[in-house]
Amino acid sequence: MKIDVIISADDIKEEKIKGKSVVVIDILRATSVIVTAINNGCKKVIPVVNVEEAKDIAYKDRDLYLLGGERKALKIDGFDFSNSPLEYKADVVRDKIVVMTTTNGTRAIKRSSKAKNIIIGAMLNAKAVAKRLLEINNDVVIVNSGTYGQFSIDDFICTGYILSLLTESTNVELTDISTTALYIYQQNNDITSFIKYAKHYNVIKELGLFEDLKYCTTKDITNVVPEYRDGEITAL
Ligand code: 3SL
Ligand code: MG
C-alpha cells in the first residue's frame, strides 16, 4: 500500500488522487462535525461550496434539512448551526440531513471527487478509518484540508496518527511527506501540546471555543466511517 499526503485543499490535483482511496481530514473542524453528526444519527451530510447553494437545498424542506457551517469560523446568517461539532447533538440531528459549507473542509471533499473512495477522517474516528483503509487495500492519499490553501499542523498530526496505525498493521510505502507526518506524530504523542502551535488552533481558542478544541483532538471516540459518494456523505 502506497501512502501519500496532500497538504491543502488548493494542492489537490486529479492525477494525484485518481483511482486512489482518499481520506479527507479537517480536524478543526469540518470533518469532526461530519463524523459527529453521522455518529449521532444524521441520515447524511451534503457538502457544498457556496452558502446560496446550501440554502437552495435546505429551503426545499426546512423540517428535513439543517444548515451548518462557517465563514471566518463563525455561524452563517440564516443557518441552524455553526461549525462547532458540539452543536450536532443526537436530539437535533437524528434522521435529518445536514447541508454544510465551510471554508476548507467541504472544499477539500468536493475537490477530491476523482478518487476511488473518499473517506471522512478526524481524530475522533482515526482507528476506524485505518481499519477501513486496510479492508479496501488500495493506495491511499491523505488529503489535509489545510487553512486557506496553507499547510495546517492540526491536520498533519492527525495524518501522522493514522499513518502510525497503518504502519503497525501492514507494509506501507511512504512518500517523504508521509514519512515526515509519521515522524512528527511519533515525536509528539501528546498531540494536545503539539497542536497548540497550529495557527487555526489559536483562532478557535481566541473565539473562546476551548471545548471544541478539546473534543476535536480526542482520539477514537467512534467507529463510524463516513464516506462521500455521489454528492452525499453517509456511514457505510
Ligand atoms: O475551513 C473549514 O472547513 C472549517 O472547519 C474551519 S473552522 O474551524 O470552522 O473555522
Ligand atoms: Mg481546518
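If I filter the range 136-144 for residues that are within 15 Å of ligand 1 (Cβ to nearest atom) and at pLDDT 95 or above, do I get at least one hit?
Within the range 136-144, one or more residues are within 15 Å of ligand 1 (Cβ to nearest atom) and at pLDDT 95 or above.
For the range 17-34, filtered to residues that are within 7 Å of ligand 2 (Cβ to nearest atom) and charged (D, E, K, R), the residue that is surrounded by the most Cβ atoms within 10 Å (Cβ to Cβ) is 26.
Using the structure shown, decide if residue 197 is aromatic (Phe, Trp, Tyr) and in contact with a Gly (Cβ under 6 Å, 6 or more places away or on another chain). No; evaluated as a whole, the condition is false for this residue.
Among what's in the range 35-58 and is more than 29 Å from residue 197 (Cβ to Cβ) and polar (S, T, N, Q), pick the residue that is farthest from ligand 2 (Cβ to nearest atom).
40
Would a scan of the range 46-53 turn up a residue that is free of Cβ contacts under 8 Å to residues at least 24 places away in the same chain and over 16 Å from residue 231 (Cβ atoms)? So far as the range 46-53 goes, yes, one or more of its residues are free of Cβ contacts under 8 Å to residues at least 24 places away in the same chain and over 16 Å from residue 231 (Cβ atoms).
Would you please name the residue that is surrounded by the most Cβ atoms within 10 Å (Cβ to Cβ), looking only at residues in the range 146-179 that are free of Cβ contacts under 8 Å to residues at least 12 places away in the same chain and within 15 Å of residue 6 (Cα to Cα)?
Among those that are free of Cβ contacts under 8 Å to residues at least 12 places away in the same chain and within 15 Å of residue 6 (Cα to Cα), it is 179.
Evaluation of residue 121 against the conditions (1) touching a strand residue (DSSP E or B) at 6+ places or on another chain (Cβ under 9 Å); (2) more than 16 Å from ligand 2 (Cβ to nearest atom) shows that the sole unmet condition is (2).
Considered as a group, the residues in the range 76-97 that are over 23 Å from residue 156 (Cα atoms) and crowded, with 24+ Cβ neighbours inside 10 Å include one that is farthest from ligand 1 (Cβ to nearest atom), and that residue is 93.
Among the residues of the range 75-85, those that are touching a residue at least 12 places away in the same chain (Cβ under 8 Å) and either away from ligand 2 (no atom under 16 Å from the Cβ) or assigned to a strand (DSSP E or B) (or both) comprise 76, 78, 79, 80, 81. Might you let me know whether the range 57-70 holds any residue that is in a helix (DSSP H, G or I), aliphatic (A, V, I, L, M), more than 17 Å from residue 32 (Cβ to Cβ) and at pLDDT 95 or above? Yes; the residues of the range 57-70 include at least one that is in a helix (DSSP H, G or I), aliphatic (A, V, I, L, M), more than 17 Å from residue 32 (Cβ to Cβ) and at pLDDT 95 or above. Can you confirm whether the range 25-43 contains a residue that is at pLDDT 95 or above, part of a helix (DSSP H, G or I) and over 17 Å from residue 126 (Cα atoms)? No, there is no match, as no residue in the range 25-43 is at pLDDT 95 or above, part of a helix (DSSP H, G or I) and over 17 Å from residue 126 (Cα atoms).
Of the residues that make up the range 151-163, is at least one outside any helix (DSSP H, G or I) and within 16 Å of ligand 1 (Cβ to nearest atom)? Yes, the range 151-163 has at least one match. Taken over the range 1-16, the criterion of being in contact with a Gly (Cβ under 8 Å, 6 or more places away or on another chain) and surrounded by fewer than 22 Cβ atoms within 10 Å (Cβ to Cβ) is satisfied by 7, 8, 10, 11. Among the residues of the range 19-71, those that are touching a Gly at 6+ places or on another chain (Cβ under 6 Å) and within 13 Å of ligand 1 (Cβ to nearest atom) comprise 25, 26, 30, 31. Take the range 98-135 and flag every residue that is within 12 Å of ligand 1 (Cβ to nearest atom), among the small types (Gly, Ala, Ser) and assigned to a loop (DSSP other than H, G, I, E, B). Within the range 98-135, just 122 meets the criteria.
The values are calculated or read from the model by the stated rules, or taken from the named source; none is laboratory data. Small disclaimer: the values here were computed from a predicted structure and weren't measured. Note: ideal-geometry Cβ built from the backbone for every residue, glycine included; neighbour counts use all protein chains shown.
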